[in-house]
Amino acid sequence: MKLYYFPPSPNTRKVHAVAIHLNLPLDLRLVDLQKGEQRTPEFMVLNPTGRTPVLQDGDFILWESTAIMQYLASQLPTPLWPNNARSRADIMRWQSWQLAHWYGSCQPLQFENFVKPLLQLGEPDPQVVKEATDRFRQEAQVLEDHLAERAFLVGDTLTLADFSVASDLTYAGPGQFPLADYPHLQAWYERIEALPAWQQTKPRS
Ligand SMILES: N[C@@H](CCC(=O)N[C@@H](CS)C(=O)NCC(=O)O)C(=O)O
């Protein structure tokens, strides 16, 4: 299977980490977003939305990170994606929330505090940082409450839900996310960070 990927991207990271965790070999193909390679005609044939990651398994082409994670985890029996309807629905609940709400609550803070200085787009705007932090706090509290009495998001073991939600904390440090105010969330993320698959997919600084 080929994975068209961009290693600094959290959407790439969650897919790549799942493949490593499951020992699934992937033929990795870099799509350099900084060079605009996601907009080349060759890549747009694979993904007409012009985004990474994309998986190619023979003549089957799949884009959208959540779908790719589920496809990879369906290749073998694994607790990451248990074969029962309630567990899968529960995992999907968190993966849906991540795409629809969690990503949007992390991204503005990451942009102001990390991406803007990195790409020399100006200093973080204190008013925007305040609004972004409030937005982050609203969704972070959901995780904090949920993780108060459990080690992982679904059931009592690591699942795809954890990889999905953790991906948006990839730049929590340079993004200055107030994780210390959410001790259960922070402890959970430390558990994810300790995974060899998470370490191996850490973006190089
Ligand atoms: N919902 C998509 C989002 C994919 C996405 O936004 N990928 C970004 C990298 S994190 C990208 O390729 N951006 C390139 C662009 O927008 O030009 C997924 O989960 O795969």
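Coordinate-derived values only; no laboratory data. Note that the coordinates shown come from a computational prediction; the quantities given were computed from them, not determined experimentally. We place every Cβ from the backbone using ideal geometry, glycine too, and count neighbours over all the protein chains shown.
At R0 = 22 Å, how high is the FRET efficiency between A67 and K116 if r is their beta carbon distance? Nearest 0.05 is fine.
Values: r = 31 Å, r/R0 = 1.41.
Once rounded, the FRET efficiency stands at 0.10.
When the scattering of region 89-166 is computed by the Debye formula from its Cα atoms alone, each counted once and equally, what is log10 I(q)/I(0) at q = 0.18, 0.20, 0.24 Å⁻¹?
Results for region 89-166 at q = 0.18, 0.20, 0.24 Å⁻¹ read -0.77, -0.87, -1.05.
Kindly write out, for region 128-133 in residue order, the coupling ³J(HN,Hα) from the Karplus curve 6.51 cos²θ - 1.76 cosθ + 1.60 (θ = phi - 60°), rounded to whole Hz, with x marking Gly and Pro.
For region 128-133, the Karplus-derived couplings read 5, 4, 4, 5, 5, 5 Hz, x marking Gly and Pro.
Can you bin every Cα-Cα distance in the chain into 5 Å intervals starting at zero and give me the percent of pairs per bin, rounded to whole numbers?
Percent of Cα pairs in each bin: 1, 7, 15, 18, 20, 17, 12, 7, 2, 0.
Quickly estimate the mean residue ellipticity at 222 nm for the chain, helices only: each DSSP H run with n ≥ 4 gives -39500 (n - 2.57), and the total goes over all residues, rounded to 500.
Calculated mean residue ellipticity at 222 nm is -13500 deg cm²/dmol.
Report the number of Lys pairs in the chain whose alpha-carbons are under 26 Å apart, with separation of 8 or more residues or on distinct chains.
Lysine pairs, 8 or more places apart or on different chains, close enough: 10.
Need the full-extension length gain, R137 to R204, defined as separation in residues times 0.36 nm minus the C-alpha distance. One decimal, nm.
Taking 0.36 nm per residue and subtracting the Cα distance, the gain is 21.4 nm.
To the nearest 0.05, what FRET efficiency results for K2 and A148 with a Förster distance of 45 Å applied to their C-beta separation?
E between K2 and A148, to the nearest 0.05, is 0.65.
Each residue of region 50-67 in order: what ³J(HN,Hα) in whole Hz does its phi give by Karplus 6.51 cos²θ - 1.76 cosθ + 1.60, θ = phi - 60°, with x for Gly and Pro?
My calculation for region 50-67 gives x, 9, 10, x, 9, 10, 10, 10, x, 8, 9, 10, 10, 10, 5, 4, 5, 4 Hz in order.
Which of rounded, prolate or oblate describes region 2-73 when judged by the alpha-carbon gyration tensor and an a/c cut-off of 1.5?
prolate
Roughly what % of DSSP beta bridges within the chain run antiparallel, to the nearest 5?
Working: 7 of 11 bridges.
Roughly 65 percent of the beta bridges in the chain run antiparallel, per DSSP.
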